[in-house]
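These notes are about the structure you will find just below.
The values are calculated or read from the model by the stated rules, or taken from the named source; none is laboratory data. Note that the structure is a prediction, hence the values are computed from the model and not measured. Note that each Cβ is placed from the backbone with ideal geometry, even for glycine, and that neighbours are counted across all protein chains shown.
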Amino acid sequence: MSEDPKPWFPIRTERLLLREFRVSDEADVHAYGSDPEVSRFMDWGPNDAATTREVMQRWARSQEVWPRDEVNLAVEHLADGRVIGSFRLGLKAPGHRTADFGHSYHRAYWRQGYAAEAARALFAVGFGDLGLHRIWATADVRNIASWRLLEKLGMRREAHFRQDVLVKAAWRDSFLYAILAEGHGRR
Ligand SMILES: CC(C)(COP(=O)(O)OP(=O)(O)OC[C@H]1O[C@@H](n2cnc3c(N)ncnc32)[C@H](O)[C@@H]1OP(=O)(O)O)[C@@H](O)C(=O)NCCC(=O)NCCS
């Protein structure tokens, strides 16, 4: 991270606005957070209404802190104003210059390039203003959409962890993918 961390969002892309969550986003967030298909490979969900509210309250409290080691942003679909997903960037303490990310989208918006569009915008900011050296992510080995997307983003598979996460009462294997600033610059 840079020495003087200013909020680096909202970020606007061609079709999306990545911004902080608002209380009024609750119905949109619940629409994808309650879908078992969306959270199938995740260590959370499907969320009931009370859990969605708790998560949103936690995000609202985190907005009072800056800088923060984890930033959760709403992905707003500009054409209809709906929040279609969320993006989490985990930033280590200043000086470490590495970050990890995760994201989830409403099923109706899958396979239209939205996740790639948002991630590319985050990479540009991360390797640009934030001065990151490395960005990494993990994916359940069975979550083909997730790790194919990471490959499409130019990330390299660095590891296959065996039974490293307990998800929905079962141990899962994960791939770890990463991209370096120099690799990003070449794309
Ligand atoms: C994984 C996820 C974020 C992908 O979002 P998306 O908006 O559909 O992804 P994109 O449309 O940007 O796809 C980009 C690339 O990812 C790959 N991809 C995405 N979905 C895929 C699928 N179902 N099968 C195979 N590859 C897929 C493809 O390479 C695709 O490029 P292409 O369409 O040109 O072939 C979305 O499926 C999702 O929200 N899943 C549930 C939550 C989750 O698993 N999150 C990731 C773990 S943190």
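A few notes on this one:
- Residue in the stretch 87-98 that is near the ligand (Cβ under 9 Å from one of its atoms), surrounded by 14 or more Cβ atoms within 10 Å (Cβ to Cβ), touching a residue at least 24 places away in the same chain (Cβ under 8 Å) and assigned to a strand (DSSP E or B) present: no
- Of all residues assigned to the stretch 35-46, none qualifies as being more than 14 Å from the ligand (Cβ to nearest atom), of a type in the set (D, E, K, R) and either more than 25 Å from residue 79 (Cα to Cα) or at pLDDT 95 or above (or both).
- Residue within the stretch 40-61 that is in a loop (DSSP other than H, G, I, E, B), under 20 Å from residue 180 (Cα atoms) and of a type in the set (D, E, K, R) present: no
- Restricting 65, 55 to those that are more than 16 Å from the ligand (Cβ to nearest atom) and either touching a residue at least 24 places away in the same chain (Cβ under 8 Å) or not basic (Lys, Arg) (or both) reduces the list to 65.
- If the condition is being surrounded by fewer than 18 Cβ atoms within 10 Å (Cβ to Cβ) and within 7 Å of the ligand (Cβ to nearest atom), then the stretch 112-142 contributes 112, 113, 116, 117.
- Test: residue in the stretch 145-159 that is within 14 Å of the ligand (Cβ to nearest atom), without any contact (Cβ under 8 Å) to a residue 12 or more places away in the chain and part of a loop (DSSP other than H, G, I, E, B): no
- Search result, residues across the stretch 103-120 that are assigned to a loop (DSSP other than H, G, I, E, B) and either of a type in the set (Gly, Ala, Ser) or at positive phi (or both): 111, 113
- When we screen 97, 12, 22 for residues that are closer than 29 Å to residue 175 by Cβ and basic (Lys, Arg), the only hit is 97.
- Among the residues of the stretch 16-39, those identified as in contact (Cβ under 8 Å) with a residue 24 or more places away in the chain and either surrounded by fewer than 17 Cβ atoms within 10 Å (Cβ to Cβ) or part of a strand (DSSP E or B) (or both) are 16, 17, 18, 19, 20, 22, 23, 37.
- Of the criteria (1) out of contact with any helix residue (DSSP H, G or I) (no Cβ under 8 Å at 6 or more places or on another chain); (2) assigned to a strand (DSSP E or B); (3) of a type in the set (A, V, I, L, M, F, W, C); (4) within 11 Å of the ligand (Cβ to nearest atom), which one residue 75 fails: (1)
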